[in-house]
Structures are given as C-alpha cells and as structure tokens.
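Accompanying notes for the structure given below.
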Amino acid sequence: MTNSTSPILAIAAIFKNEGPYILEWLAFHRAVGIDRFFIADNDSTDGSSELLAALEKIGIITLVPFPSIPGVPPQLPAYQKIIDCYANKADWFAFIDADEFIYPTCGDTSVKTMLNQISEIPDIGAIAINWAIYGSSNQKNYNTGLVISRFTKRAPQEFGVNQHFKSMVRTTAYESIHRNPHIFNLKENFRYIQSDGNTLRPDTKGRDGLSEDVCWRNLRLNHYIVKSQEEFALKKSRGRATVSSVEGLNRTQSFFNGHDRNDVTDTMAISIIDKTDHELTKLKYLLGSAEIKNLVIDIPFPKAPQLLGCVDTAKFSDGNLEFTGWAFFDTLAHISFHISINNHLFDIDKHTFYDRPDVQRAVSTAPLRCGFKVTISISKIPKKLLDSEIELNASTTGAISRILPGAGYSYPNITVQSSTNTR
C-alpha cells in the first residue's frame, strides 16, 4: 500500500450537522497533506448528508452513513466500522472531530514531513497529538470567514485541557478500539509516541487519553472547541455525534468559560491559509461542475431566532442580584438565561416566568407568560469582575442575545464583603 515516497494518511471522523464547516475542514486537511477521508454521517439534518454524498460522488471522501442507536454514543462504533472496513485503504488513520485541525508546527506546511520519518521506525504504532485549545477571540457571532482565520487566540501550552490528545494510528499496529475515543489498543510490540518522537508518557493520574506533558513539536491539534458565543449556543443545544443523545455532555456556560481561553495570540501560517483557500475554491468548483440537483454547496449557518424583550429592574440584596423584565424569541422557542461580564458567561441560580398581559397588549406576537425573574448569587462571580456591569442574556437553539435595559432601568450598586469571593 505504501508507495516509495510517502505513506497514505487518512482521517476517520464522525459528523453531525457540521454543514457550514465541512468544506473548510476538508480543504485545510487536503492542504496539509491528508490523502483520504472516511466520514461517518450521524443523522445530520442541516444539509450535511447531501453535501457529504456529493463529496463522495466526486471522489473526495468515502461516506459511511451511521445513524444513532438510542442510548449508545456513536463515535466509537463508527471508528470501529471505518477501521474494520477500510484499514486496507491507508497506512495511517487519524481519528479526529470536525472542530479539530491537524496543524504542522516548527515552520512546516505538511503533516507528511514527520510521518515519513516515523513510518521508517517499525515499532511505532500510534502518534498522540495534543490539543491546542482556541477560545472565542471575544467574538459573539458567527461569520462566514474561515475558522482558522477567525479564531487567533488560544490557551497557553501548559493549560491542563491541552493534555488531551487524539491518535494517529498505523493500521498494521491497530488491535481494537479503547473505551475512550482518544486512544486505541495496539498490537504487542508496538508503542505510542508523542509528536516529538519520544515514547508517550501517559497522564500520571490515570486519566485515559491524556498525556503527562503537552507536546506541540512537529504537530499539534488546533481545537476550536467553542468558536463564537452564538456558535457555542447552537452546538450546545443540537447534540453531538461524539456522545449519546441521552447522556450528552452538559455543555453549560461554565464549560464555555473554562475553555474560552484567549491568553496567547497565535495566528495560523499565511502559507497554510492560502493553500486552504486554494483547496476550498477547488472543492467548490468540483462540486459545482458535478451538476448535482438541489445541492447546497455553501450550507448557511442556521438563522438565529430574534429576541424581543427588556430588563425592567435589577436589585441587589443579601448577596443576590435579581433581574425582572420580559423576553421571548420570535420563534417562541424555549428560553434560557445566563449572565455575562466582559465576555465571561455564568449560569444563573434560578428563574421563574409569569404572565405579562401588558406586554401582550403592546406586542401582538408576545406570549402571555413572557415575564421573568432571574436570580444569581454574586458569590459565584470572581470579585475582580464585579467592577463591570453584569448583563442578562437569553439563549435558545442557535441564538444568544443580551436582554437590553428598558426605560427607567438603573443598575444597582454591588458591594461584596471582603471575606466573599476573593478569586
């Protein structure tokens, strides 16, 4: 299978409703040297299934339809199906997600530079590629620019979450899937290495899929885990292909805060961005030339529901901040609340809804029960943030918006006891 110049490198992935991002992700990985793509489609409903089918038709990917089984996370079974059916199609498989980009470091522009060298060492069975967590770059909304250009700020290398890694596995070394999708069981006499070529040092706390050290030499995995606030709101609510829809990871605003790290400005190499743009143009031309009926090549980001409402009052008492007002989305979708301070998001403690006939008389589309009272304990907010005004936000599937203050609104003076919240 391996030719005289370079091993064949493939990506195995599972997608669910990743429509706006698919072509960029493929273009980027084609630009950095990935040869083949095996994509499991997990019940997508946003046009992704049709786009993936078209990409298979023009020879860019191999599509593996993979519907969900209730209560069963689909990622591991999808990986197993791909490797079982297509192991003879590549020398190495990288198992990654749609928000992860294999990035060559040390000034290189191809993942093959390292892989060519590693493939000459017969006992190396897999490469652990550590995450580089990218934050929102303080962006609130989606735009049509490239993900790799829009988000330029990341966590420091030593950030604990970067200890996570994903695997690039030599097919002849593969034994079986592991209980964790980040790591695979290898046959006897094969070993895992990190991207610097040294043998993997597993996390000393025994956590699967984490390394003791974060290694970014030669390769790293840029992980655009939250993107903008609007994109995170959609991702949080739609479900993901990597977990069970029943047991799905609870991606709350606390999750956003914990991963929205913008400490270091680290832009992608212009040469790779330019090559990605070139590949993207090429993919769109090939798809357009295929003349596939009713195909949407540029799948739009879902239109966000529009918020109507205002905050009438804000009161601070006994360590709690209470907001009252009214709010609803024009789609009449379920509404959730959280607060924000300088782009930091926090979950509220409790909320109640009540009838607002006055609003319904003034706004014909308003539901009767659109009034709200929202309470949050100030103790959960770092003291250093309390000099800034706390804003109330509403969210629903694919939308997150600030509820603006109404006429006569006055923000209260918040005083915190010295023993409280010294973080």
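Condition test on HIS344, is it touching a Phe, Trp or Tyr at 6+ places or on another chain (Cβ under 7 Å), touching a residue at least 40 places away in the same chain (Cβ under 8 Å) and not assigned by the TED database to the domain that holds SER137?
Considered against the rule, which asks whether it is touching a Phe, Trp or Tyr at 6+ places or on another chain (Cβ under 7 Å), touching a residue at least 40 places away in the same chain (Cβ under 8 Å) and not assigned by the TED database to the domain that holds SER137, HIS344 comes out as no.
Could you say whether any residue in the stretch 235-257 is modelled with pLDDT of 95 or more, assigned to a loop (DSSP other than H, G, I, E, B) and buried (at least 21 other Cβ atoms within 10 Å of the Cβ)? Lay out the reasoning, then the answer.
First, pick out the residues of the stretch 235-257 that are modelled with pLDDT of 95 or more: none.
No: the stretch 235-257 contains no residue that is modelled with pLDDT of 95 or more, assigned to a loop (DSSP other than H, G, I, E, B) and buried (at least 21 other Cβ atoms within 10 Å of the Cβ).
Go through the stretch 134-156 and count every residue that is over 14 Å from the mean Cα position of the chain (by Cα) and buried (at least 22 other Cβ atoms within 10 Å of the Cβ).
1
Within the stretch 337-345, is there a residue that is among the β-branched types (Val, Ile, Thr), modelled with pLDDT of 95 or more and surrounded by 15 or more Cβ atoms within 10 Å (Cβ to Cβ)?
Scanning the stretch 337-345, I find no residue that is among the β-branched types (Val, Ile, Thr), modelled with pLDDT of 95 or more and surrounded by 15 or more Cβ atoms within 10 Å (Cβ to Cβ), so the answer is no.
Can you name the residue in the stretch 49-62 that is in contact with a strand residue (DSSP E or B) (Cβ under 6 Å, 6 or more places away or on another chain) and buried (at least 17 other Cβ atoms within 10 Å of the Cβ) and is also nearest to LYS275 (Cα to Cα) among such residues?
If we take residues in the stretch 49-62 being in contact with a strand residue (DSSP E or B) (Cβ under 6 Å, 6 or more places away or on another chain) and buried (at least 17 other Cβ atoms within 10 Å of the Cβ), then ILE61 is nearest to LYS275 (Cα to Cα).
So that you can scan it fast, the table gives a plain yes or no per residue for (1) more than 22 Å from ALA290 (Cβ to Cβ); (2) modelled with pLDDT under 95; (3) assigned by the TED database to the domain that holds PHE184; (4) of a type in the set (A, V, I, L, M, F, W, C):
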residue	(1), (2), (3), (4)
PRO20	no, no, yes, no
TRP25	no, no, yes, yes
PHE28	no, no, yes, yes
PHE38	no, no, yes, yes
GLU50	no, no, yes, no
ILE60	no, no, yes, yes
PRO67	yes, yes, yes, no
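Take the residues of the stretch 286-325 that are exposed (fewer than 12 other Cβ atoms within 10 Å of the Cβ) and at pLDDT 95 or above: which is nearest to the chain's Cα centre (by Cα)?
GLY288
Among the candidates ARG423, ARG361, ARG369, which residue alone is over 28 Å from LYS235 (Cα atoms) and at pLDDT 95 or above?
When all the criteria are applied, what remains is ARG361.
Go through the stretch 103-136 and report how many residues are assigned to a loop (DSSP other than H, G, I, E, B) and closer than 23 Å to LEU26 by Cβ. Step through it out loud before you land on a result.
Filtering the stretch 103-136 for residues assigned to a loop (DSSP other than H, G, I, E, B) gives 105-111, 119-123, 135-136.
Then keep just the ones that are closer than 23 Å to LEU26 by Cβ; that gives 105, 108-111.
Here the count works out to 5.
Return only the number of the condition from (1) over 22 Å from the mean Cα position of the chain (by Cα); (2) without any contact (Cβ under 8 Å) to a residue 60 or more places away in the chain; (3) closer than 22 Å to LYS166 by Cβ that ILE69 does not satisfy.
(3)
The values are calculated or read from the model by the stated rules, or taken from the named source; none is laboratory data. No experiment lies behind these values; they were computed from the predicted model shown. Cβ sites come from the backbone with ideal geometry, for glycine too, and all protein chains shown count toward neighbours.
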